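Laboratory data are not the source of any read-out in this text; all were calculated from the coordinates shown. Note that the structure is predicted; figures quoted are calculated from it, not measured. For neighbour counting, all protein chains shown are included, and Cβ atoms are generated from backbone atoms with ideal geometry for every residue, glycine included.
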2 protein chains.
Amino acid sequence: MGKSKSTLYAAAGVDIDLAVNLLNRVKAKISATRRPEALAPIGGFGGLFQIDLSRYRQPVLVGSVDGVGTKLMVAGMMSEHRFVGHDIVNHCINDIAVQGAEPLYFMDYIGMGKLRSPLYEQVLEGIADACKAQNVTLLGGETAEMPGMYGNDYDLVGCINGVVDKDRLITGEQIRPGHTVIGLASNGLHTNGYSLARRVLFEQGGLTVHSQPAELGGESVGQALIKPHTCYWPAIRRAMELNLPLHGLAHLTGGGFYDNIPRVLPKEVGVVCNLGALPILPIFQLIQKLGGIDGIEMHRVFNMGVGMVWMVPAAAAKDALAVCAETGFTAAVIGEVTPGDGTVRIRGLDPV
Amino acid sequence: MGKSKSTLYAAAGVDIDLAVNLLNRVKAKISATRRPEALAPIGGFGGLFQIDLSRYRQPVLVGSVDGVGTKLMVAGMMSEHRFVGHDIVNHCINDIAVQGAEPLYFMDYIGMGKLRSPLYEQVLEGIADACKAQNVTLLGGETAEMPGMYGNDYDLVGCINGVVDKDRLITGEQIRPGHTVIGLASNGLHTNGYSLARRVLFEQGGLTVHSQPAELGGESVGQALIKPHTCYWPAIRRAMELNLPLHGLAHLTGGGFYDNIPRVLPKEVGVVCNLGALPILPIFQLIQKLGGIDGIEMHRVFNMGVGMVWMVPAAAAKDALAVCAETGFTAAVIGEVTPGDGTVRIRGLDPV
């Protein structure tokens, strides 16, 4: 009845049965992410998620897709794949949380040349754990075994969908001169800038993931690079519950300060940031020194220790900082909104 | 102000400015996919899509993620990347349409070692055109340039989200013995089985994409392999408009007949299929002959000319076939539902 192991296909490098077996090992973790709105899987072609209409007046779906980038290659160098699942989930959540959306469900894609255990289960467990931590359902996913592609590498892609009531969308439109810019601390590069970091640290600097340069205070280069992307949704959710006026939020990903903050700025305002209110993490200092990279370039490529910024009226800054502290995030005032042209300037680097 | 071209990052192999420039070239096509529910992009961290609540009583979101697989390598061999965007969009739409969901918005991910033009624009144009053809908004996307990964290859991932009212979900639960199995013709491999096909045709058979074996009647191997995945949503949509009793639909992807049809079968019924009602396309016959592959294996790996099956009451079969014809699809009765154990048997291959 066609149920025999597909041996010819396996010989061509695609093992459907192995994929099913490995998936079964993490099924419990995946099931644990099911919110009540997730309907029992039917047929399994698509995942089903019922919108709870009692909670929304004008529900707006917010979707985003992203990848982990060459941080995956660092994970490969370290044979440590438990964290990249957290990276992709948290990155995706942040990208929609900055618009005020509650993340609802996540779907993953893993592409690899040859399915490998335990790498595969480690990645999926990380995804499921990160989803569970933020009450996000892991609704579906695809694993593509592509012989002849990828070599020993793999790619990891995530897709998030969330919802926000239209009148609670955070748009940036209400940002005005005089508003306060709050930075929420990052724990490292998150998922951006790894191509430059790898080049500077490993090629130019001759370091390995095991190196422990004095600048890192006992931490290895690999440990500093592999830390999972911080998820800021708990702080945003709490601030929204308290109706704090979060007028504009920016997730500092590729493009750093200079490209991300302007994404939410009205054209007639600008932002002036101050360095030093949040520490520039040692890994960034090391990269800057070894690469001979100027400060502007560093702030264009990396988050430099600030993973997210919030723009709030000055009168609300204290409450916003309190919410961050209450939800476990280090945060500080890092700048102010000024009249401007929709761009960001950093005191000490740019003419202010 | 940090607006200079990020030259160091570019030297490390990531060219943010080039990505923006190439994206601008296809902006008009992307904009043309905007449905009224798609809100103006704000900030651009996530895409926004407002659910039209006047159209649904109990909206259930249906999501799916998928890739194109090693069909991308065939596209590479042919330097022909206009169709793979259609592949990923149509594959994703089919995966949720089989549950009755109207596709709403799509997001893409393209991973490559080095951004290349015109490959990149060709892929994105294909995606946008395929979205436009089915009234799907291209809501967002991510292009990841990952130096050191992928070599000359690239990966293409799609994520679709749609909606269906809960009481219109197509679940398979109502499939009963005596129901008719209708097959909708495929135009080729769609997006599955390319690893085996490449091995058989190129490695074992010594063919190239330019070869024109007699079996293909003047078509080249590449032409036969590159045809874009058929999108069956227009037929499903029309059948739903007419309230035809579509009790179970299966999209024949990886796993062919044997693994996909059971995904929607109740455990106490089976399906018996007849070969020959729809033609087995020449490319499948060529692969089978060159690879010395038995019929069961062929029907487990490939769609064999049947891209989708519908299970409907016998009394509705004629109307269902008429809907297929009206919407431009070749379709035929290819089997029947019987008492069974949730599996599929093919007359002439399996004991029936």
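Hey, fewest Cβ within 10 Å first, where do B:VAL123, B:VAL200 land in order?
B:VAL200, B:VAL123
Phi angles of the range A:253-262 translate, via the Karplus equation with coefficients 6.51, -1.76, 1.60 and θ = phi - 60°, into HN-Hα couplings of 10, x, x, x, 4, 5, 9, 8, 4, x Hz per residue; Gly and Pro are given as x. Magnitude of the charge dipole for the protein assembly as shown, about its Cα centre and with charges confined to Cβ atoms of Lys, Arg (+1) and Asp, Glu (-1), is about 400 debye. Rounded to whole numbers, the Karplus 3J(HN,Hα) couplings from phi for the range B:197-214 are 4, 5, 5, 5, 6, 8, 7, 6, x, x, 7, 10, 5, 8, 4, 10, x, 3 Hz, using 6.51 cos²θ - 1.76 cosθ + 1.60 with θ = phi - 60°, and x at Gly and Pro. Remark: mean inter-chain Cβ contacts per residue of A:52-61 equal 4, using a 10 Å Cβ-Cβ cutoff to other protein chain atoms. If you run the Gaussian network model on chain B, springs between alpha carbon atoms under 10 Å, then out of B:ALA12, B:ALA331, B:ALA277 the most flexible one is B:ALA12. Each other copy holds its own label point for B:GLY151; taking that point as 7 Å from Cα along Cα to Cβ, the gaps run 0.8 nm, nearest first. Bridgeable lysines around B:LYS267 (alpha carbons under 24 Å apart, same-chain partners fewer than 8 residues away excluded): A:LYS3, A:LYS5, A:LYS27, B:LYS166. Peptide A:147-156 is shielded by partner chain Cβ atoms: per residue, an average of 5 of them sit within 10 Å of its Cβ. Put simply, the amide H of B:VAL163, placed in the peptide plane, has neighbours under 5 Å in B:VAL62, B:GLU102, B:LEU104, leaving out anything fewer than 5 places away on its chain.
Between A:ASP165 and A:ASN24, what is 0.36 nm times their sequence separation minus the Cα-Cα distance? Round to one decimal in nm.
On the way: separation 141, 0.36 × 141 = 50.76 nm, distance 3.66 nm.
Length difference between fully extended and current span is 47.1 nm.
The GluC sites (Glu not before Pro) of the range A:255-329 that meet both conditions, a loop assignment by DSSP and at most 13 other Cβ atoms within 10 Å of the site Cβ, are A:GLU268. Computed 3J(HN,Hα) for the range A:309-320, one whole-Hz value per residue from the Karplus formula 6.51 cos²θ - 1.76 cosθ + 1.60 where θ = phi - 60°, is 10, 10, 10, 9, x, 3, 5, 9, 4, 5, 5, 5, glycine and proline marked x. Under a 5 Å amide H cut-off, with hydrogens placed 1.01 Å from N, A:GLY335 pairs with A:VAL181, A:ASN274 among residues at least 5 apart or on other chains.
Here B:SER186, A:SER54 are placed in order of increasing Cβ neighbour count within 10 Å, fewest first, which gives A:SER54, B:SER186. What FRET efficiency comes out for A:SER79 versus B:THR208 if R0 is 45 angstrom and r is the Cβ-Cβ distance? Round to the nearest 0.05. It comes out at approximately 0.70. For chain B, taking a cut-off of 4.7 Å between Cβ atoms, the unpaired cysteines are B:CYS92, B:CYS131, B:CYS231, B:CYS273, B:CYS324. When you restrict to C-alpha pairs under 8 Å that are six or more residues apart and normalise by the size of chain B, the relative contact order lands at 21 percent.
With its label point put 7 Å out from Cα toward Cβ, B:SER54 sits 2.6 nm from the same residue's point in the other copies, in order from shortest. Given the options B:LEU104, B:LEU23, B:LEU265, which has the most mean-square fluctuation in a GNM of chain B, springs set between C-alpha atoms less than 10 angstrom apart? Comparing B:LEU104, B:LEU23, B:LEU265 in the GNM, the peak value goes to B:LEU23.
Below 17 Å, Cα to Cα, which lysines can A:LYS29 reach? Residues fewer than 8 away in the same chain don't count. Cross-link targets: A:LYS132. For the range B:255-298, which trypsin sites (Lys or Arg not before Pro) are in a loop by DSSP, counting at most 14 other Cβ atoms within 10 Å? Filter output for the range B:255-298: B:LYS267.
Contact order for the range A:175-271, expressed relative to its length and based on alpha carbon pairs under 8 Å spaced 6+ residues apart, stands at 31 percent.
Label chain B by shape, choosing from rounded, prolate and oblate, from the square roots a ≥ b ≥ c of the eigenvalues of the Cα gyration tensor; if a/c is under 1.5 it is rounded, and otherwise prolate applies when a/b is larger than b/c, oblate when it is not.
Values: a/c = 2.40, a/b = 1.30, b/c = 1.85.
Since a/c reaches 1.5 but b/c is at least a/b, the shape of chain B is classed as oblate.
Dipole magnitude for the range B:252-352: computed about the Cα centre from +1 point charges on Lys and Arg Cβ and -1 point charges on Asp and Glu Cβ, it is near 120 debye.
The residues B:HIS190, A:HIS247, when put in order of fewest to most other Cβ atoms within 10 Å, stand as A:HIS247, B:HIS190.
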